[in-house]
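Novice: Let me begin by handing over the structure; questions about it come next.
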């Protein structure tokens, strides 16, 4: 019954429980990771925003410094006197050059500027660090004229210089000569010296993070600094403004704040976009989505794997425990059954004991008092009466021998076997002699071959010989010339013993009854017997690991065979 | 001839089956072996008789039986227990006890000898064999065997 419930438990409730557990776990995992993803996104946003703000401020500060530099030098009286003096002459003398050099001496030495230009109020170049700058770029000239006209300091935004073959930036400051004339002072800046590295630098380790400085040029976005993920020349890459998923395009369209879209490579990114105050520039600080969530994805895989492993171990554990319980249950049942069998065997023994003791007593009384009646009361009984008493006694005695045979049959099944080596020839010979000499018998031609010795329990095997030989004697008792022939042979790894007689034989169609207990193939009147003899033979031989069989023909004799392991 | 409980006896038969007891008595009487036979029907009575207790107290002064025929299977106190009691008490342990039973079981025979039985006889079913067995046993213990005086 317990086994049945265990089976039910396995089939009906264990699997659904595991499935529900798994579903709950999956949902829990999903919620956990959703939360984690949010957290990470918020953290990353905050980080990017902080970095963008920092950079933006740095750029502004840097630009302010450049403006202050220009303003400071533009107000220098020494510069003004040199300009005035040079402006009066027609040509710029070597001595004038020397004077300019003196003013900008420190500037030139620390290389903070690519070049410094001074023009007069007509825009004519009075001085330049660099002889290459004799003919400034058109945008520089335009800026100079604009300053000469307005008298205000301005920045000439990133441009590609043909003479320098690189991107440059100018700060143009007016020099008030106090006589109604304004001259111009131009600081030309190479952004790759300080500005680009400053933009490029990212304060935390990252594989994909990047800061972009961009500007709107008509209908396109111009990237002002070198890109991390593309070999380009600043200002050369221009993408259309109308692609609003493009982070840079979003920036120049006036959007400010956190944005998630794609970058110039078409890769998904999240970033902060903001205008840089006081400039035409916009700043984009961005990082690849892949990198942001990459860590999370790794953790998801790791955790899923761990959970799966955990679940599997639980399943295995459950299966193991279940099996152990099943085994324990089976063992317990085997023990129970063994106990039961022991009890039954004991009951059987006490039954056999009772039979042997209690069934014989009444028979003894029947036979005994019948005997007394026939001996001491003969004068009261006629011949028929005496015959009846004889019949009663005969049956009582028959019943007695039935009980004896039954008991010895059951005893053989229970008896301990003690295996020794047996001389089968001696045993069969002595059994025949014993049987033949006790009682008056017909003449028998007894032939005993050289039997192979065997191993077995001496008492039991002797009983086999007794039963088989006494059968042979009994069933040849009506023969004129009775023959009993005993021999043996080796077949494979068994010894086969044969007892052949030429007696009454038997009909092979009743062969299946031959070895049954109380089964007889002859009437009591023909041959007396209880029908236990061959059953005992079979019992003994099968306990020895052998086999019994027979061949027979009505009135032509029978041959009985038994085999024993070699 | 059956003896009375206050007379000295030769054979004590402990047998719960009255027919068996009668057949035994008859067989012994026919050969004029023992003249004094007493039958008790259970183990408790057997012990009372041997140790002169209860209703057999008057037997205190009398001699013990020359031989006890003891059945194995008895009501109240079993044959083996009676045997054990007789064979452990100093007063009775030299009294010969022969088990007379229907059982040919190996275990019974071994137990009887372990407890000190002086013989073990299986009662045959057939009357002639039975009579012969009982008279021969009687002859041996009453006529052939010598007992301590």
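Novice: With an 8 Å cut-off on Cα pairs and a minimum separation of 6 or more residues, tell me the relative contact order of the range B:37-149 in percent.
Specialist: 22 percent
Novice: Taking square-rooted eigenvalues a ≥ b ≥ c of the alpha carbon gyration tensor, is the range A:240-371 rounded, prolate or oblate, where a/c under 1.5 means rounded and, failing that, a/b exceeding b/c means prolate?
Specialist: prolate
Novice: With everything on Cα atoms, drop me the angle between helix A:289-354 and the longest principal axis of chain A, reported from 0 to 90° to the nearest 10.
Specialist: 10 degrees
Novice: Answer rounded, prolate or oblate for the range A:448-509, using the Cα gyration tensor with square roots of eigenvalues a ≥ b ≥ c: rounded when a/c is under 1.5, else prolate when a/b is larger than b/c, else oblate.
Specialist: Taking the square roots of the gyration eigenvalues as a ≥ b ≥ c, the range A:448-509 is prolate.
Novice: Going out from 0 in 5 Å bins, what whole percent of all Cα-Cα distances in the range B:1-143 drops into each bin?
Specialist: In order of increasing distance, the bins hold 2, 10, 21, 25, 23, 13, 5, 1 percent.
Novice: Count, for each residue of B:101-109, the Cβ atoms from other chains sitting within 10 Å of its Cβ, then give me the mean as a whole number.
Specialist: So the per-residue partner count for this stretch is 5.
Novice: Could I ask something else about it? Please give the length that would be gained between residue A:231 and residue A:554 if that part of the chain were fully extended, namely 0.36 nm times their separation in residues minus their C-alpha to C-alpha distance (nm, one decimal).
Specialist: Result: 104.7 nm gained on full extension.
Novice: If r is the Cβ-Cβ distance from residue B:114 to residue B:136 and R0 is 30 Å, what FRET efficiency results, to the nearest 0.05?
Specialist: 0.75
Novice: Could you give the angle, 0 to 90 degrees to the nearest 10, between helix A:15-74's Cα long axis and the longest principal axis of the Cα atoms of chain A?
Specialist: The angle comes out near 20 degrees.
Novice: If you don't mind, there's one more thing I want to ask. PRE reach from residue A:430 (point 7 Å along Cα→Cβ): which of the range A:462-500 fall under 16 Å by backbone N?
Specialist: Inside the label zone: A:462-467.
Novice: Relative to the first principal axis of the alpha-carbon coordinates of chain A, what is the inclination of helix A:94-103, with its axis defined by its Cα atoms, in degrees from 0 to 90 and to the nearest 10?
Specialist: 50 degrees
Novice: Could you tell me how far the Cα centroid of the range A:195-234 sits from the Cα centroid of the range A:516-564, in Å?
Specialist: Using only Cα atoms, the two centres lie 111 Å from each other.
Novice: Looking at the protein assembly as shown, send over the antiparallel percent of its DSSP beta bridges, to the nearest 5.
Specialist: 75 percent
Novice: So, one more: With no solvent and one point per C-alpha, what does the Debye sum give as log10 I(q)/I(0) for the range A:420-523 at q = 0.19, 0.24 Å⁻¹?
Specialist: -1.07, -1.38
Novice: Shifting gears a bit: Between residue A:21 and residue A:390, what is 0.36 nm times their sequence separation minus the Cα-Cα distance? Round to one decimal in nm.
Specialist: Residue separation times 0.36 nm, minus the Cα-Cα distance, leaves 124.1 nm.
Novice: Rounded to whole Å, give me the distance from the Cα center of the range B:100-144 to that of the range A:239-259.
Specialist: If you average the Cα positions of each part, the centres end up 125 Å apart.
Novice: Contour minus end-to-end for residue A:178 and residue A:32, with contour as 0.36 nm per residue of separation and end-to-end as the Cα-Cα distance?
Specialist: Taking residue A:178 through residue A:32 to full extension adds about 45.3 nm, to one decimal.
Novice: While we're here: What is the diffusion coefficient of the range A:260-307 in µm²/s, taking the Kirkwood radius over Cα pairs and the Stokes-Einstein relation at 4 °C with a viscosity of 1.567 mPa s?
Specialist: The Stokes-Einstein estimate is 101 µm²/s.
Novice: Turning to a different aspect of this structure: In the range A:14-78, what is the volume of the convex hull around the alpha carbon atoms, normalised per residue and reported in Å³?
Specialist: 39 Å³
Novice: Given a Förster distance of 51 Å, report the FRET efficiency between residue A:301 and residue A:64 from their Cβ-Cβ distance, rounded to the nearest 0.05.
Specialist: 0.55
Novice: Roughly what % of Cα-Cα distances in chain A sit above 33 Å, to the whole percent?
Specialist: 71 percent
Novice: Let me have the 222 nm mean residue ellipticity of chain A computed from DSSP H runs of 4+ only, each contributing -39500 (n - 2.57), with the sum over all residues rounded to the nearest 500.
Specialist: -17000 deg cm²/dmol
Novice: Also, I was wondering about something else. Would you compute, for the Cα atoms of the range B:67-149, the largest minus smallest coordinate along each principal axis and list the three values in descending order, in whole Å?
Specialist: For the range B:67-149, the Cα spread along each principal axis is 38, 31, 21 Å.
Novice: I need the P(r) histogram for the range A:214-289: all alpha carbon pairs, bin width 10 Å from 0 out to the longest distance, whole percents.
Specialist: 22, 59, 19, 0
Novice: Most exposed first by the Cβ proxy, i.e. fewest other Cβ within 10 Å, how do A:420, A:559 rank?
Specialist: A:420, A:559
Novice: How many nm is it between the label spots at residue A:279 and residue A:480, if each spot is 7 Å from the Cα in line with the beta carbon?
Specialist: 14.6 nm
Novice: May I ask for log10 I(q)/I(0) of the range A:45-202 at q = 0.11, 0.12 Å⁻¹, from a Debye sum over the Cα atoms as equal point scatterers with solvent left out?
Specialist: Log-scaled intensity ratios, in q order: -0.45, -0.53.
Novice: Using Cβ contacts closer than 10 Å as the measure, can you line up A:202, A:281 from fewest to most?
Specialist: A:202, A:281
Novice: Here's a follow-up. Bin by bin, in steps of 5 Å, what percent of the Cα pairs in the range B:1-64 do you find, going until the bin that has the longest distance?
Specialist: Using 5 Å bins, I get a P(r) of 4, 19, 28, 25, 16, 8, 1 for the range B:1-64.
Novice: Next question, about the same structure. To the nearest 0.05, how large is the calculated FRET efficiency for residue B:60 and residue A:341 if R₀ is 60 Å and r is the Cβ-Cβ distance?
Specialist: It comes to 0.70.
Novice: Could you give the distance between the Cα centres of the range A:341-376 and the range B:1-69, to the whole Å?
Specialist: Value for the Cα centre distance between the two parts: 24 Å.
Novice: Rg to Rh for the range A:126-241: what is it, with Cα atoms only and Rh by Kirkwood?
Specialist: That ratio equals 1.05.
Novice: Only Cα pairs within less than 10 Å get springs; with that Gaussian network setup on chain B, which residue of B:90, B:75, B:124 has the largest fluctuation?
Specialist: The residue with the greatest mean-square fluctuation here is B:90.
Novice: While we're on this one: Once you order the gyration tensor axes a ≥ b ≥ c over the Cα atoms, which shape class does the range A:365-446 get: rounded for a/c under 1.5, otherwise prolate or oblate by comparing a/b with b/c?
Specialist: Since a/c reaches 1.5 but b/c is at least a/b, the shape of the range A:365-446 is classed as oblate.
Coordinate-derived values only; no laboratory data. For clarity, every value in this text was computed on a predicted model and none was experimentally measured. So basically every Cβ, Gly included, is an ideal-geometry build from the backbone, and we count neighbours across all protein chains shown.
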